[in-house]
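The values are calculated or read from the model by the stated rules, or taken from the named source; none is laboratory data. Note that this is a predicted model, so its numbers are computed, not measured. All Cβ positions, even for glycine, are placed from backbone atoms using ideal geometry, and neighbour counts span all protein chains on display. Only protein heavy atoms, including side chains, enter the accessible area calculation; ligands, DNA and RNA are left aside. Shrake-Rupley method; radii C 1.70, N 1.55, O 1.52, S 1.80 Å.
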Amino acid sequence: YLLFITLWQYLNNDAERLEFDNLYTPILEILEEAQEAMNKVVSLVNDHKAKVESGEIIEFQKEIIQVNETVDKELKKNFKDFFVKGNRATTMLVPLFKHYGYSIGFLFKNDKGFAEGKKKFGEKSSREKQTNFLTMIEQDRKSWFKPFTEARRKVEHEGFSLPDIKYAKKVDGSVTPLFPTIDKTDILTVLNYF
């Protein structure tokens, strides 16, 4: 983000600034949509948990738990939207960088393609800022980008969908929601990872 703010500050005429805005504004907008989807998941989880645990939306038919308000559909939609929109924002960086003479398509390739592209990028761009940029993207690729793109691939191309929320009765008779997990990690932790 700081790279783009810095770039924008150095644009020295209205035409360049307008071109930058035309390329960068959609990226910001789609990132905001991804953030909204994540915030909606957090809100759905927290609100639903509070309503279930307070008993506000719970009834019993003998020993069967009846939940009078479901959030499964909306939870699944927003979880998927987070990954789809986040992926769209990252791929929209390619034309922005290309406009300024940098080819960053290697970011989206397998490890071998990434290493080759990184090397070519480094050869063409030896200044300190570009070197720092390469270090940053390599660290980001390892820490969050690869897991993010793998999750997005599963959601968008393999049809992964969050399982429905389950409910369990506690010893004291109250009910608690059991939200879906991803690889044994709760979904809020998964989203906050990215």
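Looking only at residues of region 53-109 that are open to solvent by 60 Å² or more (accessible area, probe 1.4 Å) and among the hydrophobic types (A, V, I, L, M, F, W, C), we find that the one that is nearest to Tyr24 (Cα to Cα) is Phe108. Selection of region 149-194 for residues being loosely packed, with under 15 Cβ neighbours inside 10 Å and of a type in the set (Val, Ile, Thr) yields Val171, Thr176, Thr181, Thr185, Thr189. Set side by side, the residues Ile137, Ile64 differ, and just one is among the aliphatic types (A, V, I, L, M) and within 21 Å of the chain's Cα centre (by Cα), which is Ile137.
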